[in-house]
1. Considering only residues that are more than 13 Å from chain B (Cβ to nearest Cβ) and either part of a loop (DSSP other than H, G, I, E, B) or of a type in the set (Phe, Trp, Tyr) (or both), which ones fall in region A:16-55?
2. Among the residues of region B:2-56, which ones are on the phi < 0 side of the Ramachandran plot, more than 16 Å from the chain's Cα centre (by Cα) and within 10 Å of another protein chain (Cβ to nearest Cβ)?
3. Within region A:66-112, which residues are within 14 Å of chain B (Cβ to nearest Cβ), in a loop (DSSP other than H, G, I, E, B) and of a type in the set (S, T, N, Q)?
4. Is it true that some residue in region B:34-52 is among the polar types (S, T, N, Q), in contact with a Lys or Arg (Cβ under 9 Å, 6 or more places away or on another chain) and farther than 16 Å from residue B:101 by Cα?
5. May I ask you to verify whether residue B:18 is in contact (Cβ under 8 Å) with a residue 60 or more places away in the chain, farther than 30 Å from residue A:9 by Cβ and either open to solvent by 70 Å² or more (accessible area, probe 1.4 Å) or among the hydrophobic types (A, V, I, L, M, F, W, C) (or both)?
6. Among A:83, A:89, which is the only one that is open to solvent by 50 Å² or more (accessible area, probe 1.4 Å) and farther than 13 Å from residue A:30 by Cβ?
7. With (1) under 18 Å from residue B:104 (Cα atoms); (2) surrounded by 13 or more Cβ atoms within 10 Å (Cβ to Cβ) as the list, and residue A:39 as the residue in question, which single condition is left unmet?
8. Just to be sure before I move on: is residue B:41 more than 28 Å from residue A:106 (Cβ to Cβ), of a type outside the set (Asp, Glu) and out of contact with any strand residue (DSSP E or B) (no Cβ under 8 Å at 6 or more places or on another chain) in the structure I sent?
Amino acid sequence: GAVVSQHPSWVICKSGTSVKIECRSLDFQATTMFWYRQFPKQSLMLMATSNEGSKATYEQGVEKDKFLINHASLTLSTLTVTSAHPEDSSFYICSASAGDTEAFFGQGTRLTVV
Amino acid sequence: GNSVTQMEGPVTLSEEAFLTINCTYTATGYPSLFWYVQYPGEGLQLLLKATKADDKGSNKGFEATYRKETTSFHLEKGSVQVSDSAVYFCALSDRGDSWGKLQFGAGTQVVVTP
């Protein structure tokens, strides 16, 4: 299957700082990328859908000003957690799709805010 | 709204045992249904899918049948191996949505012992 690389795999940051997570499709052009969040022992929750070159569509209850998503190219999307707080600590996972097909997942990023 | 419910884990069983993981869903329309698997340290991978009622998805010895009358998509494997130890996620996407836009169950950890 296609490869999606997510970086970093884990990050620790201080409260009040911002953190950027990258999601890259390595061997295909991803017209759509998805960002999920997973709490311990819970399912993945879709945060937003981003299409290359346009603004992301956020799910209800997700703060767009806190979770900034950029999808500037067909191989890269970034999620920036702004002014992070301990409650933002979570596992963030991206997936990428080339049109109306199966999406391929990155390995996830463990964010810990101290 | 849509939701996916799957049995809680962990499920522990011996090699060559029969595995069933129950999954039921609620949806307003006719969703596509998926099983994803996450091996330790890796991203989610699509295991199998079914896009309409009575479809059977199968892969690597795993099977699941889309049962509209019981709104279920139970995962089965007749003889598990140690290498099947992983977390399994049931998921759906609304008809008309990209297959990448997924609603997940909580995941079921499966541990297979020699």
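1. Hits for region A:16-55 are A:16, A:17, A:18, A:27, A:29, A:52, A:53, A:54, A:55.
2. Scanning region B:2-56 gives a single hit, B:42.
3. Scanning region A:66-112 gives A:101, A:107.
4. Within region B:34-52, not a single residue is among the polar types (S, T, N, Q), in contact with a Lys or Arg (Cβ under 9 Å, 6 or more places away or on another chain) and farther than 16 Å from residue B:101 by Cα.
5. yes
6. Within the list A:83, A:89, the selection yields A:83.
7. Answer for residue A:39: the failing condition is (2).
8. Answer is no for this residue.
The values are calculated or read from the model by the stated rules, or taken from the named source; none is laboratory data. Quantities reported herein were computed from a predicted structural model and do not represent experimental measurements. Ideal geometry is used to build each Cβ from the backbone, glycine not excepted, and the neighbour counts take in all protein chains shown. Ligands, DNA and RNA are excluded from the accessible area calculation, which covers all protein heavy atoms including side chains. Shrake-Rupley method; radii C 1.70, N 1.55, O 1.52, S 1.80 Å.
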